[in-house]
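Visitor: First the structure, which I've put down as structure tokens, then a few questions once you've had a look.
The values are calculated or read from the model by the stated rules, or taken from the named source; none is laboratory data. Computed from a predicted model, the values in this text were never measured in an experiment. Neighbour counts run over all protein chains shown; Cβ positions are idealised from the backbone, glycine included.
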Amino acid sequence: MAHAPDHSSERPAILDKVNPAELPRAKLILNDRSFHWITDKVCGIVEEPTPLWWKVLFTVALFVASFTGAGLLYLVSTGTGTWGLRSPIGWGWAIVNFVFWVGIGHAGTLISAILCLLRQKWRTSINRAAEAMTIFAVMCAGIFPLFHVGRVWFAWWLFPLPNQNGIWPQFRSPLEWDVFAVSTYFTVSTLFWYMGMVPDFGTIRDRATTWWRKAFYSVLAMGWRGGNRQWSNMEMAYLLLAGLSTPLVLSVHTIVSFDFAVSNVPGWHTTIFPPYFVAGAIFSGFAMVLTLMLPLRAIYRLHDVINQYHIDNMCKIILATGTMVGYAYGTEFFIAAYSGNSYEKFAFINRAFGQYAWAYWIMVSCNVITPQLFWFKKIRENHSLVWIICLFVNVGMWFERFVITVTSLANDYLPSSWGYYSPTIVDIFTFFGTFGFFSVLFLLFVRFFPLLPMAELKMVSPHSDIHNH
Amino acid sequence: MNERNESIHGVACTFRKPADVYHAAEKVRDAGWKYWDVHSAYPIHGLDQAMGMPRSKVPRLTLLGGVTGFITGCLLTWYMNSYDYPLVVGGKPFWSPIFPFPVMYECTILFAAFGTFFGQFILNRLPQHHHPLFDLPQFARTSDDSFMIVLEARDSKFHLDESRNFLLSLGGQEITVIRD
């Protein structure tokens, strides 16, 4: 105690004996990479000659996308009867695929907005690609309700625009709420994505060596100069858009779930739907982020910026949301049993043991059982296995929407009007092709836009610390 | 007033480390400069205070957008379902703030986002594709890993030689005159 200062009487003596422990903080950027390394790495993807794998994948993606084109062309020229929709199942794959793709998009907004508000710095490595995924997924989603209206050339009647009949949209319908929710979601996500990219476009512009590249990125960068007076407004706007996107993303899947929950069909008319749909959306979206980012990380050797810590975090979010989804499945059964409503009880017993039991058990095994493997560190560190588990989650979440939509409609109140739904080849073509459509857009994004947010990566780099000399 | 050459935009100098530019910015602020800026590839934490900048005005435009959006949502649903073409649905009131609430909610967010997005570009005076700084060879590196302080000629404190020496005393390198 001899070395203790004079005021030692005011402090408990124990403090002098305690060495404050250095709290280990996970490193977001490994190997102490410099700012210039980050710039080179990200701009290099855009600047290098088009790699062969990209050309091959792009060709394949275009070919797959043509299936959607063919499916829609046939549908429009013939009629929606070419889809497998028959009374009593008026909503088949179209709504299933719509909810599936919108749900995928939600992880992008969760990463870019909610994790931004929660100051989760690890989001910076993946947020740009995840936001791109959101936008492209919503575009894929939009195809289905757009063509489900039947006469697609009247789809603009969904919007509050004056038409020759003098009739307006009916705002009591959840489907109309959906029009507003999804189109707002698409618009705001695109603005958010673009605004975050402006400084990075500026970096690519400043490095450009060819005339066309300079011109292209100059237009996109809008003359960004990176002055702190600009950064101050940009950061504020970014934070505000994150704050606006958070209630937005929660409302979008809530409203999507209202499409079901507001109707009086057994199995749909439940209050659990909004939180259950949002958890499921984040679950499927994170699986898609990993499905896309793991191969990109390997191809572009991004191991220093997307490291095990990032992958661990995403796996844990999948584990948490997957468990929530599993809990919701259980709650649905409990409430059905507890409600005393025989139709509701039947709807759930029918889901698990009826004519669509196969789909139900695919859903349960993919969504509830497989993510539980992420409890194990060894599995989270095995990236091939992580990728495969994520594929299972994607499949499982598609089946969840299928089970919800189809089982309730196929067997509702009157056994005399029960039916069995199966998709037609046109349904299958249209859905299969959306994966190509999505891939075409995503590949273009990877090739021409900054894949990782350079400015934000530099911000979380230890080199940016002004107290660190 | 000092003699000013109208064709000069200002003087610039570069720094290699964020800590250096941060401390230099504090000194420029304390010297009472008004028209100057620090260019960097990312927003430097705490630089707003070091430069003595006021809070960004973007939130005002966000609020304006949000309020406009909410009112738009109210008027839209009221006009369409209650005034111009009253729709009888289940014998319920033609308009209430409850049933079209999701529409009003989404309109609020949409317009607030427009206010934020366009507000940011308006306040930053973008797009602006021509700027004297773009002619500076070392400016390109500020979007990579270099930092730059620019003192503008329109500031009343600006005097070519004095400002150059001031930047030199701050530890800046590659001191250059920017011409319009």
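Visitor: Return the residue satisfying two criteria in turn: it lies in the stretch A:205-214 and is more than 10 Å from chain B (Cβ to nearest Cβ) and in a helix (DSSP H, G or I), and of such residues it is farthest from the chain's Cα centre (by Cα).
Guide: By that ranking, first place goes to A:Trp211.
Quick grid of which residues meet (1) away from chain B (no Cβ under 14 Å); (2) closer than 30 Å to B:Ala41 by Cβ; (3) within 22 Å of the chain's Cα centre (by Cα); (4) not small (Gly, Ala, Ser):
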| site | (1), (2), (3), (4) |
| --- | --- |
| A:Ser422 | yes, no, no, no |
| A:Phe437 | yes, no, yes, yes |
| A:Leu443 | yes, yes, yes, yes |
| A:Met454 | no, yes, yes, yes |
| A:Leu457 | no, yes, yes, yes |
| A:Pro462 | no, yes, no, yes |
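Visitor: For the stretch A:225-259: of the residues being more than 7 Å from chain B (Cβ to nearest Cβ) and aromatic (Phe, Trp, Tyr), which is nearest to A:Lys41 (Cα to Cα)?
Guide: Result: A:Tyr238.
Visitor: Take the stretch A:282-309 and flag every residue that is under 24 Å from A:Phe98 (Cβ atoms) and without any contact (Cβ under 8 Å) to a residue 40 or more places away in the chain.
Guide: Within the stretch A:282-309, none qualify.
Visitor: Using beta carbons and a limit of 7 Å, which pairs, at least six apart or on different chains, have the first residue in the stretch B:74-89 and more than 7 Å from chain A (Cβ to nearest Cβ) and the second one buried (at least 17 other Cβ atoms within 10 Å of the Cβ) and modelled with pLDDT of 95 or more?
Guide: Close Cβ pairs satisfying both conditions: B:Cys74/B:Met104.
Visitor: Among the numbered criteria (1) at pLDDT 95 or above; (2) polar (S, T, N, Q); (3) over 24 Å from A:Gln308 (Cβ atoms), which single criterion is violated by A:Thr407?
Guide: If we test A:Thr407 against (1) at pLDDT 95 or above; (2) polar (S, T, N, Q); (3) over 24 Å from A:Gln308 (Cβ atoms), just (1) comes out false.
Visitor: Tell me which residues, restricted to the stretch A:310-335, are without any contact (Cβ under 8 Å) to a residue 40 or more places away in the chain and either over 30 Å from the mean Cα position of the chain (by Cα) or buried (at least 19 other Cβ atoms within 10 Å of the Cβ) (or both).
Guide: Answer for the stretch A:310-335, where residues must be without any contact (Cβ under 8 Å) to a residue 40 or more places away in the chain and either over 30 Å from the mean Cα position of the chain (by Cα) or buried (at least 19 other Cβ atoms within 10 Å of the Cβ) (or both): A:Ile317, A:Tyr329.
Visitor: Looking only at the stretch A:215-228, how many residues end up being in a helix (DSSP H, G or I), closer than 19 Å to B:Leu123 by Cα and in contact (Cβ under 8 Å) with a residue 12 or more places away in the chain?
Guide: 2
Visitor: Hey, among B:Phe94, B:Phe111, which residue is more than 7 Å from chain A (Cβ to nearest Cβ) and within 14 Å of B:Arg60 (Cα to Cα)?
Guide: Values: B:Phe94 fails: within 14 Å of B:Arg60 (Cα to Cα).
Of the residues listed, the single one that is more than 7 Å from chain A (Cβ to nearest Cβ) and within 14 Å of B:Arg60 (Cα to Cα) is B:Phe111.
Visitor: Which numbered condition in (1) of a type in the set (A, V, I, L, M, F, W, C); (2) under 16 Å from the mean Cα position of the chain (by Cα); (3) more than 22 Å from A:Val76 (Cβ to Cβ) is the only one that A:Ala141 fails?
Guide: (3)
Visitor: Go through (1) within 18 Å of A:Thr134 (Cβ to Cβ); (2) surrounded by 23 or more Cβ atoms within 10 Å (Cβ to Cβ) and name the single condition A:Val182 misses.
Guide: (2)
Visitor: Inspect the stretch B:164-180 for any residue being acidic (Asp, Glu), out of contact with any Lys or Arg (no Cβ under 7 Å at 6 or more places or on another chain) and either assigned to a helix (DSSP H, G or I) or within 7 Å of another protein chain (Cβ to nearest Cβ) (or both) and give the result as yes or no.
Guide: Taking the stretch B:164-180 and keeping what is acidic (Asp, Glu), we get B:174, B:180.
Remaining after also requiring out of contact with any Lys or Arg (no Cβ under 7 Å at 6 or more places or on another chain): B:174, B:180.
With either assigned to a helix (DSSP H, G or I) or within 7 Å of another protein chain (Cβ to nearest Cβ) (or both) added as a condition, the list becomes none.
No: the stretch B:164-180 contains no residue that is acidic (Asp, Glu), out of contact with any Lys or Arg (no Cβ under 7 Å at 6 or more places or on another chain) and either assigned to a helix (DSSP H, G or I) or within 7 Å of another protein chain (Cβ to nearest Cβ) (or both).
Visitor: If you don't mind, another one. Using beta carbons and a limit of 6 Å, which pairs, at least six apart or on different chains, have the first residue in the stretch B:6-26 and within 11 Å of chain A (Cβ to nearest Cβ) and the second one part of a helix (DSSP H, G or I)?
Guide: B:Pro18/A:Ser464; B:Tyr22/B:Ala50; B:Ala25/B:Ala50; B:Glu26/B:Ala50
Visitor: OK, next. What number of residues within the stretch A:163-172 satisfy the criterion of being more than 12 Å from B:Leu76 (Cβ to Cβ) and either touching a Ser or Thr at 6+ places or on another chain (Cβ under 6 Å) or at the interface with chain B (Cβ under 9 Å from one of its Cβ atoms) (or both)?
Guide: Summing the residues that are more than 12 Å from B:Leu76 (Cβ to Cβ) and either touching a Ser or Thr at 6+ places or on another chain (Cβ under 6 Å) or at the interface with chain B (Cβ under 9 Å from one of its Cβ atoms) (or both) in the stretch A:163-172 gives 4.
Visitor: Could you please find all residues in the stretch A:215-224 being out of contact with any Pro (no Cβ under 8 Å at 6 or more places or on another chain) and within 7 Å of chain B (Cβ to nearest Cβ)?
Guide: The one that is out of contact with any Pro (no Cβ under 8 Å at 6 or more places or on another chain) and within 7 Å of chain B (Cβ to nearest Cβ): A:Ser218.
Visitor: Further question on the same structure: Only one residue in A:Val325, A:Val289 is among the β-branched types (Val, Ile, Thr) and touching an Asp or Glu at 6+ places or on another chain (Cβ under 9 Å), so which one is that? Even if it seems obvious, please write down each step before you answer.
Guide: Working: A:Val289 fails: touching an Asp or Glu at 6+ places or on another chain (Cβ under 9 Å).
Going through A:Val325, A:Val289 in turn, just one is among the β-branched types (Val, Ile, Thr) and touching an Asp or Glu at 6+ places or on another chain (Cβ under 9 Å): A:Val325.
Visitor: Among the residues that make up the stretch A:29-45, is at least one of them more than 14 Å from chain B (Cβ to nearest Cβ) and either at pLDDT 95 or above or in contact with a Leu (Cβ under 7 Å, 6 or more places away or on another chain) (or both)?
Guide: Checked the stretch A:29-45: at least one residue is more than 14 Å from chain B (Cβ to nearest Cβ) and either at pLDDT 95 or above or in contact with a Leu (Cβ under 7 Å, 6 or more places away or on another chain) (or both).
Visitor: Still on this model: Run down A:Arg380, A:Arg447, A:Arg401 and say which single residue is basic (Lys, Arg), assigned to a helix (DSSP H, G or I) and within 26 Å of A:Leu62 (Cβ to Cβ).
Guide: Criteria check complete, one pass: A:Arg447.
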